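Notes to accompany the following structure.
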Amino acid sequence: MAGPSDLITVSVPPDSESVQVLRAVTASVAARMNMPYDGIEDLRLAVDEACAWLLALAEGATSMTLRLRPMDDRLEAVVSTDAAGRAWPPPDLEESLSWRVLSALVDTVSLDAEASGPSIRLIKRTLEPSRTV
Amino acid sequence: MSAAGRSIGSTDREVEVALFKRLPGDTAARDELVEMFLPLAEYLARRFDRRGEPLEDLVQVASVGLLNAIDRFDVERDVQFSTYAAVTIIGELKRHFRDKGWAIRVPRRLQEVGLRVNTVLPVLSQELGRSPTVEEIAARCEASPEEILDAMEAVQAYSTTSLDSPVGEEGAAPIDVLGGDDPSLEILEGWASIAPAVKELPERERRVLYLRFFRGLTQSEIAGEVGVSQMHVSRILSQTLAFLRGEVLEES
C-alpha cells in the first residue's frame, strides 16, 4: 500500500527549461510501474501542460515541485509552485484549453490551492482500460 | 531595498541609457556595451554547456545574440536592457541547437534506439492487442528501459527526417481516403474561442488534435490512422499544444 515513503518529490526552478526534468522523472516512474507506452506518453504531455499552466501564473515563484505517488493501479502526480496570492483555481475552467487537454489525457484532474501556492493533481491508471472501439 | 542599492542600480541604468543614446554609429559606445554585458552572454552560454558543444562555441553564439540585442534595443521602451538581451541571447542559443539538427545533438546510440522503437511499437501493439510497456519495448529492441525513455524524451526536443517518415508506404494517403469532408475542422471550432490559434494549424496537426482530444484515440491508433510513426504523433501533439499555448512565439 502507498505510504509516505512511496512519495517521490522533485523541485526545480520555475522555468520552462526545467519542465523536461519533471517530464522525464514522471515517465521513468510510470515505466517502472509497467504503465503502457500510450499511457506514459499521455502523462508526459499532461505534466507538460500542467507545468505550462502553472508557469504562466508563476511570477514571484522560486520553485516548481512535482510529487509522484505510485499506487497499486494508478500513478498520482501533483505539480505545484510556490507562487502565492494567485486566484486559483481560475474561474470558467471549462473555457480553459489546459483544463480540457488535461481532462482528456488523464483519468482525474483536480486543482487545489495549497497554503504554499497553486497545484494541479493528475491521476493516471496504469492499466489500460479495455477498448471497445 | 536600501537607498544605496537603488542608487547603484539607477547609476548603471543611466550609464546604459547614455551609451544607447550614442548608438548607432558610435563604435566606442557599442564596444563599451558589449564589454558591460559580455558576462551575461557567458553566463547564459554556460547554461547550455552540458549538451556536448565546446563552451567557446556557445559563448560565440551568445555573443552574436548580444550584438543583435544591442543593435535592436529600443532605449525608449520601458524594459531593462539585460532582460531584453537575455531573451535575445537565449533565442540565439536555442536556434543554434535547433539548426544543428538531431544528428549532431543526439548520440548515435540513442538515434538507433529511437528508430528501433519506431519500428517495434506497431508490431508489439498488434501482437499484444494493447500498448506495450517500456520493459516489453526494451526487450524487443535489445536496449535498456532507460535508453527507451531517453529516446522518448529526445524525440520531443529534436526533429529528424528519418523519424518523421511515414511507417507505411503511403504516408499521406489516409486523409485523402476519407473523402472531402474534414470533420476535424468543424469540431475544432469548439476550441476556436479558447485557443484561436487552432485555425492556423495545418490540416494534419488539426487532425491529430481532433483524433486525440475529440475522438479519444490513443497515440498508437492515431499513428495508424494518420500514417506516421507513433513517436511522430507524440511530437505533433506536444508541439501543437505548445503552439496553442503561445510558446512558439517566444522562440521565433
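What follows draws every value from the coordinates through simple rules; no lab data is involved. Since the structure is predicted, the reported quantities are computational estimates derived from the model, not experimental observations. As a convention, Cβ positions derive from the backbone with ideal geometry for all residues, glycine included, and neighbour counts pool all protein chains shown.
The figures follow:
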| read-out | value |
| --- | --- |
| Residues A:Ile123, B:Ile222, A:Ile8 arranged by fewest to most Cβ contacts within 10 Å | A:Ile8, A:Ile123, B:Ile222 |
| Ascending count of other beta-carbon atoms within 10 Å, so fewest first, for B:His232, B:His96 | B:His96, B:His232 |
| Per-pair calculated FRET efficiency, R0 = 35 Å: B:Arg77 and A:Glu114 via Cβ, rounded to 0.05 | 0.40 |
| Mean Cβ count within 10 Å, highest first, over the residues of peptides A:47-53, A:87-93, B:209-215 | A:47-53, B:209-215, A:87-93 |
| Residue exposure sequence - B:Ile70, B:Ile90, A:Ile120 - by fewest surrounding Cβ within 10 Å | B:Ile90, B:Ile70, A:Ile120 |
| Cα lying deepest toward the dipole's positive end in the stretch A:10-64, options A:Met35, A:Ser63, A:Val19, charges on Cβ | A:Met35 |
| Acute angle (nearest 10 degrees) that the helix A:19-32 long axis makes with the longest principal axis of chain A, alpha-carbon atoms | 20 degrees |
| Chain A: relative contact order as a whole-number percent, Cα under 8 Å and 6+ apart | 28 percent |
| Dipole magnitude (debye, nearest 20) for chain A, charges at Cβ of Lys, Arg, Asp, Glu | 320 debye |
| The stretch A:6-57: relative contact order as a whole-number percent, Cα under 8 Å and 6+ apart | 43 percent |
